[in-house]
Structures are given as C-alpha cells and as structure tokens.
Amino acid sequence: MIEPILLTLKLAGLTTLILMVLGTPLAWWLARSQAWWKEAIGAIVALPLVLPPTVLGFYLLIALGPNSPLGQLAISIFGHSLPFSFTGLVIGSVIYSLPFVVQPVRNAFEAMGHKPLEAAATLRASPLDSFFNVALPLARPGLLTGAVLGFAHTVGEFGVVLMIGGNIPGKTKVLSIAIYDHVESLEWTQAHILSAGMLVFSFCVILIMMVSEKRMRKRR
Amino acid sequence: MIEPILLTLKLAGLTTLILMVLGTPLAWWLARSQAWWKEAIGAIVALPLVLPPTVLGFYLLIALGPNSPLGQLAISIFGHSLPFSFTGLVIGSVIYSLPFVVQPVRNAFEAMGHKPLEAAATLRASPLDSFFNVALPLARPGLLTGAVLGFAHTVGEFGVVLMIGGNIPGKTKVLSIAIYDHVESLEWTQAHILSAGMLVFSFCVILIMMVSEKRMRKRR
Amino acid sequence: QAVHVAVAANFSVPLKEIAQAFQVKTGHEALVSVGSTGKLYTQIANGAPFDVFLAADQKRPRLAEEKGLAVMGSRFTYAMGKLALYPASSPDVLTQGDLVRLAVANPKTAPYGQAAVETLQSLKLYVPLKDKLVYGENIAQTYQFVATQNVDVGFVALSQVVDKPDKWIVPAHYYQPIAQDCVLVKDSPAARAFVDFLKGETARAIITRYGYGG
Amino acid sequence: MSNISVRFSGKLDKFDLDVAFDIPGQGVTALFGQSGCGKTTVLRCLAGLERVQNGYLCVGRHIWQDKHTFVPAHKRAVGYVFQEANLFDHLSVKGNLQFALKRRNKGTGANFDDVVNLLGLSGLLDRYPENLSGGERQRVAIARALLSAPEILLMDEPLSALDRFSKDEIIPYLERLSDVLSIPVVFISHDTDEVERLADHMVLMEQGRIRANGPLLDVLSDPTLFIAKSAKTASVLEGRISAFDQEDQLSTLDMGGADLFVPGYVGQIGDVRRLRIAATDVSLAVDEPSKTTILNVLATRITDIHVIDGARVNIVLSIGDRSQSRLIARITMRSLKSFDFQIGQLVYAQVKGVSMVERRKGKRR
Amino acid sequence: MSNISVRFSGKLDKFDLDVAFDIPGQGVTALFGQSGCGKTTVLRCLAGLERVQNGYLCVGRHIWQDKHTFVPAHKRAVGYVFQEANLFDHLSVKGNLQFALKRRNKGTGANFDDVVNLLGLSGLLDRYPENLSGGERQRVAIARALLSAPEILLMDEPLSALDRFSKDEIIPYLERLSDVLSIPVVFISHDTDEVERLADHMVLMEQGRIRANGPLLDVLSDPTLFIAKSAKTASVLEGRISAFDQEDQLSTLDMGGADLFVPGYVGQIGDVRRLRIAATDVSLAVDEPSKTTILNVLATRITDIHVIDGARVNIVLSIGDRSQSRLIARITMRSLKSFDFQIGQLVYAQVKGVSMVERRKGKRR
Ligand SMILES: Nc1ncnc2c1ncn2[C@@H]1O[C@H](COP(=O)(O)OP(=O)(O)OP(=O)(O)O)[C@@H](O)[C@H]1O
Ligand SMILES: Nc1ncnc2c1ncn2[C@@H]1O[C@H](COP(=O)(O)OP(=O)(O)OP(=O)(O)O)[C@@H](O)[C@H]1O
Ligand code: MOO
Ligand SMILES: [Mg+2]
Ligand SMILES: [Mg+2]
C-alpha cells in the first residue's frame, strides 16, 4: 500500500517540477512574443486536453513505442523504450498536464504588463535577471495555481498512466491506478481507505500552499 | 458517427456555460471574501482533480444513486435519478472541471486589485453593477482561459462520463467514449479518424477563441 | 525470478490468489498488471514487458500469436466465463414493467457484454429492452452499476457474484461460450512455470471456486 | 447646503488617524499637508472607500457614517478624482465618461460636450487609457468625476500632472461649478498657488491630525503656522473694479478706500475680484515714496509684527478702513531696525506685482 | 562629458514625434511643454524604452542609437524616474532600493543611508509599495533611481507628487549630484518654479516638436516664447558672497560691481550663488529713489524693451559692467509711457524679494 503512495508522490512531484520548468518559459514566450503564429502554439499546448486520456495514452504508446522513430531515439538515450517505465510516465503526465500550467502562468505574465520590466531594465537588469527577479515573483499567484492544478491533476491522472505505464507494481502502479484496481476488483473497502487518504492528503497540501501564498501576500 | 459528435458539443458547451455561471461567482467570492475558511473551500474545489476520474465517477455513482439523499432529491426534481442521463453527465463534468475554471478566474479577479472597483463605487455603480461592468470585462483573459480549459477538458473527459453516463448511444455516448471503444476493439482506423477530427476541430475552436481575445485587446 | 502477468480485469481476483500460490510453490514472484483486454493487447503490441497474457477472449491472444507478439502455439483456454443476472432469481425480472435500467458490459469491447446481448437475443428481449440498457466499460464497471443500485439488474460475471444468493446463472446455451485464452508473450523458464502452474490442479481449483468453467 | 462635519479616529493598518473638523457645505476646501500626513486617507474616508473604527460624517442633512450607519461608497453622491487617475482600462475614454453618465441621476450634472471641451478631450475619445499621457489620464479622471453629477466633489491632487495652461482653464470651471451648482469641493494639493487660487477654506494636516482649519485667508496668514514662514507667503484680498483705462489697459480696484492698479482688463466695473499679493512684493516707507514704476502705494497701518528668523520679518498691515483686509509685507530685519516700525504706526506700502487670482465671479465669503 | 545629441523622428502609434536637439553633457536640462506634447515619449526614447524608426542618440562618447545600433535599455546606464512611480510591488521599499544597489557597478553611486535620509524613507523601509502614500511612492522611486549609480538621470515629473518641504530638500541634492558627480540630469516638469530652481538648460516642446532649446535664462527670457509672457517671468543671476552681517543676518552678494542684499546666511564668503528675481519684483526709477524698506537698489542700463500686451512691458536691464547679467523688470504700460524709458538709458532698479535659488555650490555656466 505504501509503494503506490510513494510512487505517486514521486511522479506528481517530478512532473510538477518539470511542468514548472518547461511551462514557465513557454508561458513567458506566449505572453511576450510578437510572432503571429504564437496563438497556434498556444492552442496546440491545450490540445492534449481534448483527447480522452486513454486515447492520448494510446497515441503516446504508438509514438514512443520501440517501433517508432521517437522510440528508437529514446532507446538510444535511455537504453530502453519509454512506455512501461517511470520515465515514460513522467513524459506522458507532463504532456497531459502542460496546459494547466501554461495557461494560468501565461495569464499572470500578461496581467503584469510591461511596466515592472521597464523599471527593471532601467535598473540594469538583463532580460534574464528581470525574468527571475521581477516577472517570476510578480507572477507567483499564477505559478501557484499552475503548480496546484498540475500536481493535483497528475495525482489523479489515470488514463494516460494506465495506458503507457501498464500498471506494473512498484514501477508504474501509482495510487490512482491502485484505487482503480481496488474498485475494479471489488475491493471497495481498500478503495475507500485509499481515496479518503488521498483526498485528505491532497486537501492538506493544497490548503497549505494556498494559505502560505496568502500569508506571503499579507505580510506586506 | 455524427451522433457522438453532436452529443459531445452539446455536453461541452452546456458544461462550459454552467461552469462559467457557477465558477465565476465562486471565484469572485474566493478572491474577495475575508472569511478565514475560504481557502478551505478553495482547496475543496480543487479536490475532484486528485481522484482518478473513474474513481470519482464511482463515488458520484454512490452519491447520486437512487437510494442516497442526493439521489432522492434529484428524483423529486428531475423525475429520474441522475446517473445514465445527460443531466447526470453534465453534473459530473461540472464537478470535475470546476477547478479549471475557478482558479484562473480567481487569479484574474485578484490581479485586478481593488482600484477599479473603488472607482466604480464612486461613480455610483452598485456591487452587482461593478461586477458585471468592471470586474468581468477586466477579468476577460482569465475567463477565457477558464472557458478554454473547461471546454477542452470536458471534450476529453472520459472516466467520469463513462462511469456515470453508462455509454448509452445517443444519450451519453460522447465522442471520447466512442474513440475509446474503437481503440479497445482494435478498430484503430476509426479511432484515428475520430481523434484527428476532434483535434482539428478543437484546435480551430481554441485558436479562434484566443485570436479573437487578442484582437479585442489589440483594438485599443 | 519474476513473471510478469497481464490479466483481464474480470480475472484479476482469482489471478492474485493463483499468483500467491504460485510463489509459495515455485519461489518465483508473479507481478500482476490488471487492465482491459483491449488495452493490454495494445500495450503488448507496443513493447509492454509482460511475460504472460490472460485475456478475456480468444481473439486478442490469437492476434498476438499471428502478429508474432507471442510465442507461437502457447495459447490455451484457461477459463470459461459464465454469465449471471444479478440481483435476480430468474429472468422474469427482465419482463417486469417496473424495470428501468439493465446493465451490461459494452458488447463491443467486453466478451461478457457480447454474451449478455446474445442472452437477451435468445430470450427475445433485446429489442424491447434495448432502450433500457446501460453499458459498463468492462464487466467490473457493470457490476458497480448494479452494486450501487443505479440499475435494477445487470448481466455480470458469475465470478463477481459467486457468493451472492440472489443471482440467476444464465444457462450456457443462451450465449456463445466465453472462452478466455492465455498466451505466452515472452519465453522464459519462470513464465513457462507459471503457465504450467495455471494449468495445474491448484489453479484449477481456484478458478472453479470463482465460478468459472474449466 | 449646511456644514460638513467630519470626525474620524482610529488606526488604518499602522497609520493613526485622528481628525475632527467642520467645513462649509459650499465653496472649495483645500486639504493641505506634507506627504504621508493622511490627506488621501481622509478623502477616502469621506468617500466611504475606507472605514475607520470611530467615525462620524455628516454631509448636509445626510449622515453618512456614525456608530450605526455606514453608507456604502456607491450610495454617496460623491465625485472622486483619484491621486493616480484610476481609469477603467477596458473602456475607451468615451466609455469611461459614459460609465459616469449612465449612472448619474437623470437630468442632473454637467453637459458631456462642455466637459469634454473644457478638458481638451475631444481628440482622445476613442483612445484607451494605456495609450494616454499622464496629464491626459488625469484630465479624463476629472471629466469622469464631473460627469457623475456629484453632490460633493473630492479630488486628490487633481491638477498635479497638469501644465499651467490646462490648470488655468480647469480652475475657473471648478470654481464656477462650486458657485453655480453650489457643490462643495474638497481637494488635496501641495501647491500653495493652486490653493490660493481655488480654495475658500483650508484644512491643514500634520501626521494624521488637524493642525489648522478655517477660511483660507485666515489660515494662510496665520503667523503661527509654517505656511507663513514660507517664501511664498501672500495676502489674498478682494476688491471691486472701479475703473478701466482703455489706453494703458489698466484696471483700478477699490480695496475699501484705497485704490489698487492691476494691468489688463479684469472684468466689468462693479465686479468683485480676488487679488494675490506676495509678502515679498510689499515694501514699506515711512514717508510718501518718490516716483518709481511702482504704481501702487497704499496708506496702511501696522497691526502686527512677526519675526520669522534672525533675518526676516512679516509685517501685518490693514488697508484703509477695512480692518479685515490684511496685507502682509516681508521685510528684512535690517529694515525693521533702521525704520523702527511699531504696531499702530501709519506706513506707506508700495505694492509691486499684484496678481489676479483668476476668478470669473466674485465670491461670497 | 561632452554633449548629448538627440534626433528622433517617427510615428509611435498615432503620435508623430520629430525632435532634434543637443543638450550639454552636464548640468540639469528641463523638458517643458503642455500635457500630451511628447515629453514622456522623448524621455522613454532616451532610456531605450521606446524605439523610434529614425533615431540617433549619442550620449558622451557612446552611441546609443543610430541606423545600425540600438543599445537596449538595460545596457544604458540611465537612472529613470517614471511618471507613475512604477515600484516593484513584490518587494519592500528596502527591496526596491536594493534591487538598484545590487545591479550598479561596484564602488560607484550614492550612499544608501544618505539617499534614504534625504528622501525621508528610513521609517518606510519595511513597507510595501501598495501601502505607501502617493508622495512616499514617488520618493522611493527617486531614491531607487539615484541608487542605481546612473551616468545620466532621467526624471519624469519627479517632484509633482511632493510637497514643498520635500522638494526643498531634494532639489539641492539633485543639483549637487549633477555638480559633484557631473551626471547630466534631464527632467520633465510643469512647474516653472521647479524648472527655474533646478535647470541650467531648457528644451521646450510643442506637439511632438521642439519649440526652443537653450540655456535656461535664454529660453525663459526669450520674449518670443509664451513663457516670457507668464506672470512668473524671472531673472536668474549669479553673484559671489562678499559679506555677512551677523546681527541682521544679512548677506551681501557682489553681482559684478553692484551689491545685492539677501536675508540669512547663504554661504561662505567667496562662494557663488544663484539668485532668482521675479520680473514683477523689479521696479524702476529714473532718480535715486527715496528710502523705503527695499534694500536693493541697483544702477542698471536698459538693454531692451519688450511689449507683452497692451498693459504690460518687460524691460531688460544689464547690471554694472557684466553685460551677461540680465535683469528683467515687469512694468505697466502706463509707467513706460509716463517715464518714457529708452534703450541705453541708465535707471535705478529697486529689487524687492530676492530669493535664493538654493544651491550649495556655484555652477559653471
Ligand atoms: N502607448 C501609446 N500609444 C499611442 N499614443 C500614445 C501612447 N502613449 C502616449 N501616446 C500619445 O502620445 C502623445 C505624447 O505622450 P507623452 O506621454 O509623451 O506626453 P507628455 O508630454 O509626457 O504629457 P504629460 O505631461 O501629460 O505626461 C500624447 O498625445 C499621448 O496621447
Ligand atoms: N494601505 C495602507 N496600509 C498601511 N499604511 C498606509 C496605507 N496607505 C497609506 N498608508 C500610510 O498612511 C499614511 C497616510 O497616507 P496618505 O495616503 O493618506 O498620505 P497623503 O497625505 O495622501 O500623502 P501624499 O501627499 O504623499 O499622497 C502614510 O504614512 C502612508 O504610508
Ligand atoms: O475482463 Mo475485461 O477485458 O476488462 O472486460
Ligand atoms: Mg495622497
Ligand atoms: Mg508624461
């Protein structure tokens, strides 16, 4: 019982981290770029959402499978193909949850306007410096929302994980699948316990994140 | 093939509408209220996310079943219990997608600050008037993000729908389930066609929404 | 050495028991991955690390053999699924006027669903009841519809309600037999040992106890 | 309208506010004080944007705040000009103005075109706030407040972003507004010039407290207040136009016995005008001075002598028979000593540089 | 530092900018003009925040913009004070100031404590921008720009939200900054007083074009410009302190032959000081005038006569042997006629109200 929990935390934590690392610059580019095609990229980022997760998982399976070019590439990098590995799970979750991070963060960057960045530039902050020391702190509520949505969604993520993870105990059998397993195998008591535990835990994590964000804002 | 498409559009459209109607005041309350317990409500709104959709669906099935108090209530209102009906589908989708609407909209309301509302008050706009004519227009990017995420997510929503919808052709068999069916029954060609169609359609819808928002902002 | 077994959802409970017995006897660990037959097949086609595939039908294992995804000639029927109507003591509930909904598994993806439809057709009830059907993704979900009382009655696997008194076991001639096949995906001594164990007495007893035909 | 009674005390965050003052229910009141002394806070309390623990606010016959009452901001008929324009970013200039128009009581308030022309906004109506210059934004904010048909106008440094030419146009309009519609105006300003031109009444604040409160001329010339020590000390006097010399374009004002000459046409004969005379513009002589280009020489009586510091002295004079017409002269300590001026003494005041405090109409005091 | 050459022309949205001017690479330059004339836009172009199609900008030896070059804002060592403070909301006052400190070149720039004290920020360091009053925000913005150790300081109406007392402290500091560190300062202001006190050089804008550009005194007293017509016309003169009378606290300044008395201690003997004499404070007499409280009577020669309108005339005078010390007297048309002043004539100028343009140090011209 403890194994899926740890695995889930590891997956959600890592996925959220990667989502923030990838999603934030992407959101920044979407917020700032003047390119005419940027909205197309914006729409593409949101697309994984419209496919049912299992179907998305199916396509990821095909795309990353050992017979595909991407799969071949992965094999030469990781030594194994991505599906049915933890790495594959992380990749799938990242793709699936990306829009939940990109959209709120992008909005936060856009709401901020140019002014603080102009002030930073006149104080000799390079664009990178401004990004880290002005834009990111100012976008904190958006980043937090992105992180909460991304984290929660990865914890509850299931279709993609089931499809490309393959429900392998200790490797890709995360909590959501474990609960699903219990439900499907008529072990409802275990399912109830796990679900309740998961809800309480997530409630606490989210509440703590939100309250601490609020306190940071209040401290001013 | 046309039936699930229409059903999906109807479901996603209606769900998005309801999400906006319910989520916006909720987001407003979360952004403005001084109540100490509001963050708890905020966290509860995000909770449906952490349960795998099928598991969520399972609990909804229990909660809305004909013997539950909620189910009894629904029967006295709608004349039938909610699961396996379009109404039930809508309710499930709304619960599941609510956080994707509430969070971005809340952020937009918070980013706006008090100032425009104060200006409105001194111009004799009642709180309701301010909400509709100042807060909502200023929060437009957040509302749009909420709508896009909510819409896309409902189109792709699958676990909950499958669980409380019962896959009834013409009534609850939406596109995502149809695609899934094809994948499971090894009818991959049909799955590919439907998926591609869905992606292209959703891409267009999202792109149009985003570009028109951008144009509205540019027009200034 | 570990054997990786992929099993169709309806057989997951008996299999877990079998796996335990297998480990006690041979010392090999059996890792169990549960999924729907269709999904498991797709995964095997895309390099899933399964050694043994226990499907809910015969089609997918055969396909796996034909496509070279499995060891040729290793296929055999490990269980015969039986259909039950639950909760009911006879098919009469199906003709009663107050029947609102009847749950079956999706006939397109689940063999038990196919069997349920065939049963209804045999009873000449399919057309009259068509509008009352709701479909579970698989047989487990179908059972959940029934268990949460959202439907009045449903066609489920006998294995799911084997210890429940109020069921009507559908006579075998009402539907095509649900032969569930097993196939060896990757050849290894441990995997062979597992397949052999599945064919053996201990496993057979468990399978029968769960209401499957031999 | 009768008086406005204001009593606010309490803490707002860490800022400690404790003010109590009454101001007239008509005319223009200036709220004056150093940066951070609480002017904006008081104005916000007046508008109902801030709520202080112990507050009492009565405007005319309406109680807007007391122990049991707190009329919310949108039910107070105030026009508010924010310190930082605070326009609606989602509306064009026109939209911003119409927002105010739509919500005012029917049939009241200023005319749209008048206000737009006055504030020079006709070319800007389709622009959005983010594309306006600082002064343009401020003008839109003023216009918006004017168009909301307020019963009291509250303005937080409305003119600080404006150049002199815009000010010169707007100030008379505000005066007329307060005169004709008899709407009381309370405004914050740092600029003594502005205050002198616009205000009738003045409230002086210091660190959340009231330091002085009274008619403008009294406060400005109160020698115990720091304003009197400033280099800009001035007397503000009223006189009636008695003649106009077409050729030299010179107007004569009757100051109550004594005459003052002011260059240019300043109004019709019989009109009352307000004049500003800087204390540093007034010099004194014991004997009638010889002829210089200084046209204005008034016979006055010394009513008070205030030493500002070791070098400078303010001499308070009364003109003619009007004891309330107080003229202040700023002279050096050396002059004070060499002439040995005494209270009660008759002296000639030479007045260089009389400036009209531009007013279209005479004002009641 | 050598000159700053500025040429910008092009459309920014719908605003048409076309300016070309050179300003000195040291001292203080004022950018003056009506609301919306493009002052902020020019300043933004100088800072590299705005890029105009045809631009050329050379500051000292560095070309910041030409056909091929555009040095981005963060590589220009400018200090910029925005029209609306533009502080970082996520940082405390201290954090805002440290943001500047951390990024400046090591070992350069103003001392933190000095700047904090000068701007009265020591009690505010832990506050966040949203809890500051308008004037406090503006002061933080000025402090932040000063602490960034700029090589050129650009300020957009830095003082408009400040009361006189704050201004009186900040202006001398800015002057010293521009003197001692010889950093050129370009600032926008609507306030002629401020401009007169602070600026050496003045650029006058009108609807996106340059209307005048030159040393402050030339522009201010250029009779063809609207400023000269203003009631506030003044001469700004420099003199060397020659004596101080301890008892009467009276300083004597040598204006190049002629003496002027100024109340109070204004500096050490030998120091050069700038004086401001309002044109309306100067009266003329043909014969040596009789004794009044006016201490300053100077023998001058009329060098020019400008008629402003039917009522008012500016008389330009030269003091003593210094032909460049130009004194302006504002007199009435009636006086001009009755005295029949002629160019070249010797007259006595009575100067009432000499105000020190507060400067700690004499300035090179
Ligand atoms: N982003 C913009 N888009 C379009 N027009 C603009 C923009 N910013 C300013 N303008 C216009 O350009 C002109 C010059 O603006 P600028 O801000 O330079 O004026 P300013 O001289 O600083 O005025 P003020 O004293 O009122 O601040 C104005 O007419 C203004 O409306
Ligand atoms: N939201 C706030 N939280 C805490 N303190 C505040 C807040 N707003 C203002 N203050 C403090 O209250 C005091 C009064 O502020 P207020 O804005 O009324 O000053 P002001 O007189 O309008 O000054 P200015 O002329 O600079 O605008 C200041 O010391 C300020 O720092
Ligand atoms: O046993 Mo199945 O393949 O999940 O219906
Ligand atoms: Mg203020
Ligand atoms: Mg400007």
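The values are calculated or read from the model by the stated rules, or taken from the named source; none is laboratory data. What you see is a predicted model; the values in this text were computed from it and never measured. Every residue, glycine as well, gets a Cβ built from its backbone with ideal geometry; the counts of neighbours run over all protein chains shown. SASA here: full protein model, heavy atoms, side chains in, ligands and nucleic acids out. Shrake-Rupley method; radii C 1.70, N 1.55, O 1.52, S 1.80 Å.
A few comments on the model shown:
- Distribution of pairwise C-alpha distances over segment C:110-214, 5 Å bins, in %: 2, 10, 18, 20, 18, 13, 9, 6, 4, 1, 0
- Relative counts (whole %) of C-alpha pair distances in the protein assembly as shown, using bins that are 10 Å wide: 1, 8, 14, 16, 14, 11, 9, 8, 7, 5, 3, 2, 1, 0
- Residue (of A:Gly79, A:Leu49, A:Ala108) at the positive-pole extreme of segment A:2-219, dipole from beta-carbon charges: A:Ala108
- Counting only other chain Cβ atoms within 10 Å of each residue's Cβ, the peptide B:105-116 averages 4.
- Sum of side-chain charges, A:Leu19 neighbourhood, beta-carbon under 15 Å (Lys, Arg +1; Asp, Glu -1): +1
- Per-residue SASA entry for E:Phe15, accessible area with 1.4 Å probe, Å² rounded to 10: 60 Å²
- The A:Arg215 and B:Ile77 beta-carbon pair, evaluated with R₀ = 41 Å, returns a calculated FRET efficiency of approximately 0.45.
- Calculated P(r) tail over 26 Å for chain E, as whole % of Cα pairs: 55 percent
- Solvent-accessible area, 1.4 Å probe, carbon plus sulfur percent, for segment A:1-53: 79 percent
- Share antiparallel - DSSP beta bridges, chain C, percent rounded to 5: 50 percent
- Number of partner chain Cβ atoms within 10 Å, mean per residue of D:11-17: 1
- Threshold 30 Å², segment E:275-299 residues less accessible with all protein chains present than alone (1.4 Å probe): E:Thr280, E:Asp281, E:Ser283, E:Ser290, E:Lys291, E:Thr292, E:Thr293, E:Leu295
- Here segment D:1-73 was treated as a single set of alpha-carbon atoms; its pair distances binned every 5 Å from 0 give 4, 16, 28, 27, 17, 7, 2, 0 percent.
- For the options B:Leu162, B:Leu199, B:Leu82, a Gaussian network treatment of chain B with springs between C-alpha atoms closer than 10 Å singles out B:Leu199 as fluctuating the most.
- Pairwise label distance in nanometres, C:Glu17 with A:Trp36, each label 7 Å out on the Cα-Cβ vector: 6.9 nm
- Placing one equal scatterer on every Cα of segment C:77-120 and applying the Debye formula, the log10 ratio I(q)/I(0) at q = 0.15, 0.19, 0.25, 0.26 Å⁻¹ is -0.43, -0.66, -0.99, -1.04.
- Cα pair distances exceeding 23 angstrom across chain B, given as percent: 54 percent
- Ranked by the mean number of other Cβ atoms within 10 Å per residue, highest first, peptides D:340-347, D:246-253 order as D:246-253, D:340-347.
- Estimated buried accessible area (total), pair E and A, 1.4 Å, Å² to nearest 100: 2100 Å²
- Relative packing of D:131-140, A:23-32, which averages over residues the other C-beta atoms within 10 Å, highest first: D:131-140, A:23-32
- Projected label distance in nm at E:Phe70 and C:Phe76, using a 7 Å step from Cα toward the beta-carbon: 7.8 nm
- Summed buried accessible area for D+E [probe radius 1.4 Å, Å², rounded to 100]: 5200 Å²
- Between copies, the label points of E:Asp271, set 7 Å from Cα on the Cα→Cβ line, lie 4.7 nm apart, reported in increasing order to one decimal in nanometres.
- Sum of side-chain charges, E:Leu119 neighbourhood, beta-carbon under 12 Å (Lys, Arg +1; Asp, Glu -1): 0
- Between E:Ala311, E:Ala149, E:Ala329, the GNM of chain E built on Cα springs shorter than 10 angstrom shows E:Ala311 fluctuating the most.
- With semi-axes defined as the square roots of five times the eigenvalues of the C-alpha gyration tensor, the equivalent ellipsoid of segment C:1-150 measures 34, 17, 12 Å, largest first.
- The rotation axis bringing chain D onto chain E passes closest to the chain D residue reported with its distance as D:Ser290, 2, by C-beta distance in whole Å.
- Under 5 Å between amide hydrogens, built in the peptide plane, is the criterion, and for D:Val186 it picks out D:Thr29, D:Leu153, D:Leu154, D:Met155 among residues at least 5 positions away or on other chains.
- Nm distances between copies for D:Asp113, ranked from closest, using label points 7 Å along Cα→Cβ: 6.5
- Highest mean packing comes first when the peptides D:154-160, B:44-50, A:131-137, E:295-301 are listed by Cβ atoms within 10 Å, giving D:154-160, B:44-50, E:295-301, A:131-137.
- The accessible surface of chain D, taken with every protein chain in place and a 1.4 Å probe, is 46 percent carbon and sulfur.
- Note that segment C:124-140 has calculated 3J(HN,Hα) couplings of 6, 10, 4, 5, x, 9, 3, 6, 9, 6, 10, 10, x, 4, 9, 5, 5 Hz, one per residue in order, obtained from phi through the Karplus relation 6.51 cos²θ - 1.76 cosθ + 1.60 (θ = phi - 60°); glycine and proline are x.
- Spherically averaged projected area of segment A:132-177 from its Cα convex hull (nm²): 4.2 nm²
- Estimated dipole of the protein assembly as shown in Debye, rounded to 20 [Cβ of Lys and Arg +1, of Asp and Glu -1, Cα centre]: 1040 debye
- Per-residue mean of C-beta atoms belonging to partner chains within 10 Å, peptide B:123-133: 5
- Copy-to-copy label separations for A:His80, where each label sits 7 Å from Cα toward Cβ, in nm and ascending: 4.9
- Probing with 1.4 Å while keeping every protein chain in the model, the per residue accessible area of the protein assembly as shown equals 37 Å².
- Applying the Karplus relation 6.51 cos²θ - 1.76 cosθ + 1.60 with θ = phi - 60° to segment E:137-153 yields 3J(HN,Hα) values of 4, 5, 5, 4, 4, 5, 4, 4, 5, 5, 6, 7, 6, x, 9, 8, 10 Hz, where x marks Gly and Pro.
- Segment A:33-57 versus segment D:50-106: alpha-carbon centroid distance in Å: 45 Å
- Interface area, A with B, accessible, probe 1.4 Å, both sides summed, Å² nearest 100: 4600 Å²
- Proximal charge balance of A:Glu118 [Cβ under 10 Å; K/R count +1, D/E count -1]: +1
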